[in-house]
Ligand code: F6R
């Protein structure tokens, strides 16, 4: 039995039945599902329409089965027709095709968008991501750019395309054996294990994920720290949650490591790329390792002579493969669309890295560095404590939050990126319009929105940050806002002055930057549940974003 399917994110044409994959040719014998964007679809479609093809959808994908049909009309066998169609495509694609004239095969091709093969016992799989088939096999081959082939239940054939001239590709057979990898992830990791949602399971899994990461990254962190030690500049790039981890990473590298470091949103990198040069190090942060914006940012930096370090959770994914050095967090597969455990493990990695860089550069004394390292070693245990102490309070907060339309998350210093992550979580799973702002900026505009009951959530990671935030709390209270704070438990005055307090363990910023987000993950999760939404599948979002 063979089959193909696709959960569509909708780049061309609205989400509707007619635009859903698979798309078929005029004969109904060829079907295609595709992730990515075909850039030259318009010209192909116009040409095929002139040749008599009838299209029914608004998608770019629909041109592919029609192209295959066209090559078959010229007398080609299905696989040759598929390869000839692929040759014409420009853009990003991971695609699979069925042809009823060779019904035991699923054809595949990849350019830029992720595609992996799962090798089972009497069954083979193709998917965008490993968890899709983890229940059936842990034997994996990652398909690389410009590879094509087909699978049957017992066979995998793969070829590599080499462009010769403008419009011609030579196909060379690929030996799969050295590429087969057995992933450490277990099938249980891709199951809910009694939790109602993956997001909640993954929040609770953080102690384990942090502990595995601590054990797993030690050596490579030392190598990367040596690379960073003499860097003239460090740019940390990432998207979404990974950008928030990048922001914290840049703050840590500059504060503890004494390096000139800045964070950039991956899709904004192109406007800075001109200033990148040899001597710079770019750290590309992406849990999936496949986010196209981050991949392109890394490529742009490499093209300018910078060293690229990848920080990812998926071994062999595109960004680590293209980087000079790769650090892998050990969070296990993350299924919930909202990133939780991959974020805290990324931040932990940055903490370890910054402490090592600080030590190497003499910014931190041996005693300071070993104190940071000692506390970081306890992070998994403290995470477990925080989750168990604050889960019920987060649930209570969620009942009120579920009735709100807007919220501010305010912080200073390290508290700002943690606020940004808190706001993003609430926005994406509970659809509350949550905005993060530097607390000091709130009086320069945003405060105009605040009225009675408006939620304002403050984050302070240290007593210093708490002191600076006190006046901002007063400003919001004076306008009858509903105030909440996540701050160290000895920030008595701040915590006493808010409606809901989360008194957190007092920790060095390296550890609190990992841990203070935990109440926000729980608030977002329980708010989504209180509103009747499925936090694992937020509308309009995809786990891995492979379109620019
Ligand atoms: C938020 C979220 C997204 C991702 C972003 C980058 O919860 O999941 O914002 O963080 O799409 O993804 P990666 O880390 O795979 O590059």
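Computed with the Debye formula from one identical point scatterer per Cα of region 17-98, without solvent, the log10 of I(q)/I(0) at q = 0.11 Å⁻¹ comes to -0.23. Binning all Cα-Cα separations of region 425-518 at 5 Å, short to long from zero, yields these whole-percent fractions: 3, 13, 24, 24, 20, 12, 3, 0. Model label sites at residue 441 and residue 304, defined 7 Å from Cα along the beta-carbon direction, differ in position by 2.3 nm. Report the Cα centroid-to-centroid distance between region 238-281 and region 304-376 in angstrom, as an integer. Spelled out, the Cα-based centre of one part sits 13 Å from the other.
Per residue, what volume in Å³ does the Cα convex hull of region 106-162 take up?
Numbers: hull volume 3.5 nm³, N = 57.
Taking only Cα atoms, region 106-162 has a hull volume of 61 Å³ per residue.
Using only the C-alpha atoms, the convex hull of region 188-377 corresponds to 96 Å³ per residue.
Computed from Cα atoms alone, the Kirkwood hydrodynamic radius reported for region 23-183 is 16.1 Å.
Panel order for 374, 307, by other beta carbons found within 10 Å of each beta carbon, from fewest to most: 374, 307. Given a Förster distance of 60 Å, report the FRET efficiency between residue 154 and residue 270 from their Cβ-Cβ distance, rounded to the nearest 0.05. Computed FRET efficiency for residue 154 and residue 270: 0.85.
So for 229, 163, fewest C-beta neighbours within 10 Å to most, what's the order? Don't skip to the answer; put the middle values down first.
Working: 229 15, 163 11.
Ascending number of Cβ neighbours within 10 Å: 163, 229.
Listing 504, 76 from fewest to most neighbouring C-beta atoms within 10 Å gives 76, 504. Relative to the longest principal axis of the Cα atoms of the chain, the long axis of helix 41-50 makes an angle of roughly 30 degrees. Start at zero, step by 10 Å, and the Cα-Cα distances of region 343-400 spread as 21, 35, 25, 14, 5 percent across the bins.
Applying Stokes-Einstein at 37 °C and 0.692 mPa s to the Kirkwood radius of the chain, computed over alpha-carbon pairs, gives a translational diffusion coefficient of 132 µm² s⁻¹. Here region 381-548 is treated as a Stokes sphere of Kirkwood radius computed over C-alpha pairs; at 25 °C and 0.890 mPa s its diffusion coefficient rounds to 155 µm²/s. Distance from the alpha carbon centroid of region 94-163 to that of region 1-57 works out to 19 angstrom.
Model label sites at residue 374 and residue 58, defined 7 Å from Cα along the beta-carbon direction, differ in position by 6.2 nm.
Between residue 388 and residue 541, what length in nm is gained on full extension when 0.36 nm per residue of separation is reduced by their alpha carbon distance? Mind dumping the intermediate values first?
Working: separation 153, 0.36 × 153 = 55.08 nm, distance 2.91 nm.
Contour length minus the Cα-Cα distance gives 52.2 nm.
Compared with the dominant Cα axis of the chain, that is its longest principal axis, helix 78-88 is turned about 60°. Using only alpha-carbon positions in region 293-391, the gyration tensor eigenvalues give semi-axes of 27, 22, 9 Å once each is multiplied by 5 and square-rooted (largest first). Helix 366-377 and the longest principal axis of the C-alpha atoms of the chain enclose an angle of approximately 70°. Between residue 218 and residue 7, full extension at 0.36 nm per residue minus the direct alpha carbon distance yields a gain of 72.2 nm.
For residue 90 and residue 496 in the same chain, what is the full-extension length gain: residue separation times 0.36 nm, less their Cα-Cα distance, in nm? The partial results should precede the final answer.
On the way: separation 406, 0.36 × 406 = 146.16 nm, distance 5.95 nm.
My answer for the length gained is 140.2 nm.
Looking at the square roots a ≥ b ≥ c of the eigenvalues of the Cα gyration tensor of region 204-274, which shape do they give, rounded for a/c under 1.5, prolate if a/b is larger than b/c, or oblate? It comes out oblate by the Cα gyration axes.
In this label model, residue 170 and residue 50 are separated by 3.2 nm, measuring between points 7 Å along each Cα→Cβ vector. For region 226-319, the fraction of alpha-carbon pairs lying more than 16 Å apart is 47 percent, rounded to a whole number.
Shape class for region 110-263, computed from the alpha carbon gyration tensor (a ≥ b ≥ c): oblate, with a/c not under 1.5 and a/b at or below b/c.
Coordinate-derived values only; no laboratory data. All figures in this text were calculated on a predicted structure; none of them were measured in a lab. Glycine also receives a Cβ, built like all others from the backbone with ideal geometry; neighbour counts cover every protein chain displayed.
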